[in-house]
Amino acid sequence: MHTLRHILNTWFTSLLIYPFYILFFTMRIPSEIYEFFTYLYFFGFVFSIPALLLSWLCLKAIASRKSDLKSRYHIWLITLGTCVIVESCLVFDLFGMNINEFQVRVFCGSAVCSAVTMAIIRRSQFIRLCQSYQHEPEQ
């Protein structure tokens, strides 16, 4: 399994559950639910591309390490959450978004929760990815 395919699958599936976490954190359902989901899927897709690329580079480094799987998996979970937070801060600063603390918690918290949830669900794929690196011949 390739790291790019693994990170893309995790990214796409986390984008699918991202709006549900926002609904959970805000505890309200908007009146225009279809517009809400369309808006979040589009902007979530566009604004999360830097986090995707950063996570891909980190995943390649983590999966190819020579340590036990449990520690690599925990490092991956921490790194994934950190990549999402760093990317969110960069996007907010880059576009000069003047948002309050609650909005930051909702958008960043939802993004981190959806990414980490999908990484937890896809744990067995992560283990297979790491094992495929162990069986590759040294170059």
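Answer with a single label: of (i) 74, 28, 21; (ii) 86, 30, 22; (iii) 55, 27, 22, which was calculated as Cα extents along the principal axes in Å from the structure in view? Recomputing Cα extents along the principal axes in Å here gives the entry labelled (iii). Per residue, region 39-110 exposes 60 Å² of accessible surface when a 1.4 Å probe is rolled over the protein heavy atoms with every protein chain present.
Region 76-133 and region 12-39 have Cα centres lying 16 Å from one another. Summarising the label geometry, the points placed 7 Å from Cα in the beta-carbon direction at Lys60 and Gln103 lie 3.5 nm from one another. Full extension of the chain between Thr117 and Gln131 yields a length gain of 2.9 nm, computed as 0.36 nm times the residue separation minus the alpha carbon distance.
Take each uninterrupted DSSP H stretch in the chain, measure its Cα extent along the helix axis, and return the ones at 30 Å or beyond whose mean Kyte-Doolittle hydropathy is at least -1.0. Each step should come with its number before you reach the end.
Values: long enough: 3-26 (34 Å, 0.99); 69-94 (36 Å, 1.10).
Within the chain the helices that satisfy the rule are 3-26, 69-94.
Ignoring ligands, DNA and RNA, what percent of the 1.4 Å accessible area of the chain is carbon and sulfur? After summing per-atom areas, the C and S share lands at 67 percent. For a paramagnetic label modelled on Leu53 (point 7 Å from Cα along Cα→Cβ), amide N atoms under 19 Å away belong, within region 6-28, to 6-12. Taking the Cα centre of the chain as reference, the dipole from Cβ charges on Lys and Arg (+1) and Asp and Glu (-1) amounts to some 540 debye.
Calculated mean residue ellipticity, 222 nm, the chain: -27500 deg cm²/dmol, from DSSP H runs (n ≥ 4) at -39500 (n - 2.57) each, averaged per residue and rounded to 500. With a 10 Å cut-off between alpha carbons and a GNM built on the chain, which of Val46, Val84, Val106 moves the most? So, out of Val46, Val84, Val106, the one fluctuating most is Val46.
Across the chain, the relative contact order, built from alpha-carbon pairs under 8 Å that are at least six residues apart, equals 42 percent.
Please compute the contact order of region 50-110 in relative form: average sequence separation of alpha-carbon pairs under 8 Å and at least six residues apart, divided by the residue count, as a percent. Walk me through the numbers on the way to the answer.
Numbers: 20 pairs, mean separation 22.1, N = 61.
Rounded, it is 36 percent for region 50-110.
Charge tally around Val104: other residues with Cβ under 15 Å, Lys/Arg +1 each, Asp/Glu -1 each, net -2.
The values are calculated or read from the model by the stated rules, or taken from the named source; none is laboratory data. What you are looking at is a predicted structure, and each value in this text was computed from that prediction instead of being measured. Using ideal geometry, Cβ is built from the backbone for each residue, glycine included, and neighbour counts are taken over all protein chains shown. Side chains included, ligands, DNA and RNA excluded: accessible areas come from the protein's heavy atoms. Shrake-Rupley method; radii C 1.70, N 1.55, O 1.52, S 1.80 Å.
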